[in-house]
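Okay, so here's the structure we're looking at.
Every number here is computed from the coordinates shown, using simple stated rules; none is lab data. From a predicted model like this one, the values you see are computed outputs, not experimental measurements. Neighbour counts are summed over all protein chains in view; Cβ atoms, including those assigned to glycine, are modelled from backbone coordinates with ideal geometry.
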Amino acid sequence: MKSKILILVLLTTNYLLYAQTNGIWTQKANLTGIGREGAVSFSIGNYGYIGLGMDSSGHDLNDFWRYDAVNDSWTQIANFGGGTREFAISFVINGIGYVGTGGAVITNDLWAFDTNNNIWIQKTNFPGTYRTFATSFSIGNKGYLGFGYDGLYTHSDFWEYNPVNDTWTQKASLLGHSKKSAVGFSILGKGYVGLGSSGGGGLNDLFEYDPLVDSWTQKTSLPASGRENASWFVINNKAYIGLGYYNGSLLNDFWEYNPITDSWNQITSFPSNARTGAVGFNIANIGYVFGGLKSTISFARTNDLWQFDPTTTGIFNPQTNPIQTINITPNPSNGIFKLTATPNLNLNIDVYNAYGMIIYSTINMFNPTIINLNAFPSGVYFVKCYNANTSKIVKLIKQ
């Protein structure tokens, strides 16, 4: 019975930390902007990006924000170039974020965000029917967009975007399975679309798209309530999916999907208000969930941000040896870094490049320990130090 007890602790930082038996949720800094549902999100390097959506008064938004995971802080960036909207789509190709479609006045445009110059650049419009509540993801150097709602009908068509020549190509439709407000993600070169609604109640199905043969395969359905406007992120080749709306109810359960075994595992439920229309992203294999509609009575939309770490299991007691500081010297360095943790804990280390790929790992590190990146190019890297009770991420720079 003790393993099923839930603990909710108020930390001295005024952040909340919550744990059950499968991963830990930690509350992070609230967005300094307006609460919203139906935003878009993506991540590039150590930054998460969120924007657009609908506020608590029902007004669409066009602002955009960057979240810094290292400093747990928000910075407002250039407003979206295509105007206000909610329930748009997004994907990332080669470090460029793309956002399009959606809106109360339904659109078909596509925009690319230049992170270096903080500007939005319009690209070729999506050639399918204007739509909102569509689904998207990227695989390799291509983006994919489909499904959604045009104001009258849900759709099952599917399109590929090539950023090199800024063109769209229609691909195989998921015949007989039109839907809107679905989840969409990619893992190991395959795309996945599932849940959502076909106009009636929420669905719990899941389909896999193989771009090499341009075909769809049905996979194991979510063993829980169907839902629309769920939230999701991907960590270590597994998808984490939860929240959403089903048959008049807001949901707070969360599930892990493993595409290799085609199986689902329920994980720690979301610790705050049940909600729909929240968005998720991944930084250095840590998941984040932002915002959403938390009441179908007051229609309140929230601006809170929650972090999920799947590597930490069991009941977590924040009084038991949390990492206080991670000191890396010299930083910047030509490739050799000395890492010291306080207090002296038994920690594991993962080092990520700017694209979120693990390039170096060690378990049960000596304290201090040496990280050797001589074999890797100059740039920004992120070090995650963790054990069963705690984790911390710091940035290092190789010159």
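Listing 299, 126, 290 from fewest to most neighbouring C-beta atoms within 10 Å gives 299, 126, 290.
Rg to Rh for segment 325-398: what is it, with Cα atoms only and Rh by Kirkwood? Reported Rg/Rh (Cα atoms, Kirkwood Rh): 0.93. Taking 4 °C and 1.567 mPa s as conditions, segment 90-156 diffuses translationally at an estimated 104 µm²/s according to Stokes-Einstein applied to its Kirkwood radius (Cα pairs). Geometric descriptor of segment 196-241, per residue, is 98 Å³ (volume of the convex hull of the Cα atoms). Full extension of the chain between residue 261 and residue 207 yields a length gain of 18.0 nm, computed as 0.36 nm times the residue separation minus the alpha carbon distance. With each label modelled as a point 7 angstrom along the Cα→C-beta vector, the residue 327-residue 372 pair spans 2.4 nm.
Regarding segment 2-313, what's the average projected area of the Cα-atom convex hull, expressed in nm²? Kindly include the intermediate steps, with their values, before the conclusion.
Working: hull surface 61.1 nm².
For segment 2-313, the mean projected area of the Cα convex hull comes to 15.3 nm².
For the pair residue 122 and residue 152, the difference between a 0.36 nm per residue extended length and the Cα-Cα distance amounts to 8.1 nm.
As a proxy for reagent exposure, ranking 183, 234, 213 by other Cβ atoms within 10 Å from fewest up yields 213, 234, 183. By the scheme Lys and Arg +1, Asp and Glu -1, what is the net charge of all other residues having a beta-carbon under 11 Å from that of residue 262? Combined, the nearby Lys, Arg, Asp and Glu give 0.
Using only the C-alpha atoms, the convex hull of segment 136-261 corresponds to 110 Å³ per residue. Positive contributions from Lys and Arg (+1) and negative ones from Asp and Glu (-1), summed over other residues with Cβ under 12 Å from the Cβ of residue 352, come out at +1.
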